[in-house]
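A.B. asks: Just passing along the structure, written as structure tokens.
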Amino acid sequence: MCELSLKDFKHIVTPELLAQLIQDEAPINGLVPKVFTFRGVEFNGNLGDFASARDAVEIIEYISEHNVPVRINTNGSLRNSAWWSRLALPDVTVGFAIDGMSDTHKLYRQDTDWHRIIEHAQALIDAGGRAVWRFVPFDHNRHQEQECRKMAREIGFFGFENIYDGRDSGPVFTRDGKFSHYIGPTPPGDRPPPIQALIESHVTWYDAKTYRSQKDVPNLSMNCIHKQNQEIYIAADGSVYPCCFLGFYPHTMNHPGNRELAPMVQENNALQYPLEHCLAWFDAVEQAWSKSSIAEGRPYQCVNTCGKI
């Protein structure tokens, strides 16, 4: 499994860098911007859940010691209650992905245990920690949202968030690759599309010379989330990217959405090179936005995620 140890994390995110995150003014090296919607460190499950990392708690303790805010997004199903209670630290917020009650949550969150997640969240809250209930609205769970909100208040969650990230529909498969069920809207009175059509519509394999998108127009502008939030993404292997969308498969770069990106990436592993050095190639991504289309080298993921006509 690919993960950063506490030693690795300290090598990349030094006390000096953490200190920059809570300064009003960014230092000369410009790693940290002067205006942040969130000035801190956020953990997302791009390559695996936060709780699966061996030194997860120790890393959070290290960040917290430097008074830097932390956000964690997790499915919350791993570990035990005692482990989660250790995350009750100052300026640490844990977002638990709970998509409904026990009967509906499992339809999307495969291999997670709703009851364990609730126990873990309760342990964190009881220890004085701050938890947020993160809820993805689906057709199959919308009717339970108010019940979930009520339960969140009763348990003591700090907040409740609706998550709209394009994951509200799609096919669900078993571990052996067999179609299990479909989540999301289907044509009125109709059954889900044939399985082959589902696969073809959800696997974004394409040829850049033939790919077509309504967004892929010559005068496309980019509402870049990375630039807007002034952030960088560090993957579990230490490689650095502008954002998680561009670093989805950092080891092989063979995801079709990264085909145009791969030639731009230069010496970007922060365990091997200074962090400033790992950021140097980012300008090439922004320059590629001026290309007339994906076929001409405009990054697919930038178009698909942040393109604005």
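A.B. asks: May I ask you to list pairs of residues, at least six apart or on different chains, whose Cβ atoms are under 6 Å apart, with the first in the range 168-182 being surrounded by 10 or more Cβ atoms within 10 Å (Cβ to Cβ) and the second being assigned to a loop (DSSP other than H, G, I, E, B) and modelled with pLDDT of 80 or more?
C.D. replies: Asp168/Phe138
A.B. asks: Let me ask something else about it. Quick one: which of Phe248, Phe282 is modelled with pLDDT under 90 and either charged (D, E, K, R) or surrounded by 15 or more Cβ atoms within 10 Å (Cβ to Cβ) (or both)?
C.D. replies: On the way: Phe282 fails: modelled with pLDDT under 90.
The match here is Phe248.
A.B. asks: Take the residues in the range 99-124 that are in contact (Cβ under 8 Å) with a residue 12 or more places away in the chain, surrounded by fewer than 17 Cβ atoms within 10 Å (Cβ to Cβ) and out of contact with any Ser or Thr (no Cβ under 9 Å at 6 or more places or on another chain), then tell me which one is nearest to Ala152 (Cα to Cα).
C.D. replies: Once the filter is applied, the top-ranked residue is Met101.
A.B. asks: I'm checking my understanding of the structure. Among residues of the range 150-208 that are among the charged types (D, E, K, R) and part of a helix (DSSP H, G or I), which one is modelled with the lowest pLDDT? Please lay out each step first, then the result.
C.D. replies: Here is the first cut: in the range 150-208, the residues among the charged types (D, E, K, R) are 150, 153-154, 161, 165, 167-168, 175-176, 178, 190-191, 200, 207.
Keeping just the survivors that are part of a helix (DSSP H, G or I) gives 150, 153-154, 200.
Working: Lys150: 97, Arg153: 97, Glu154: 97, Glu200: 58.
Looking at the filtered set, the residue picked out is Glu200.
The values are calculated or read from the model by the stated rules, or taken from the named source; none is laboratory data. Please read these numbers as outputs of a predicted model, since none were measured by experiment. FYI the Cβ positions are ideal-geometry reconstructions off the backbone, even for glycines, and counts take in every protein chain you see.
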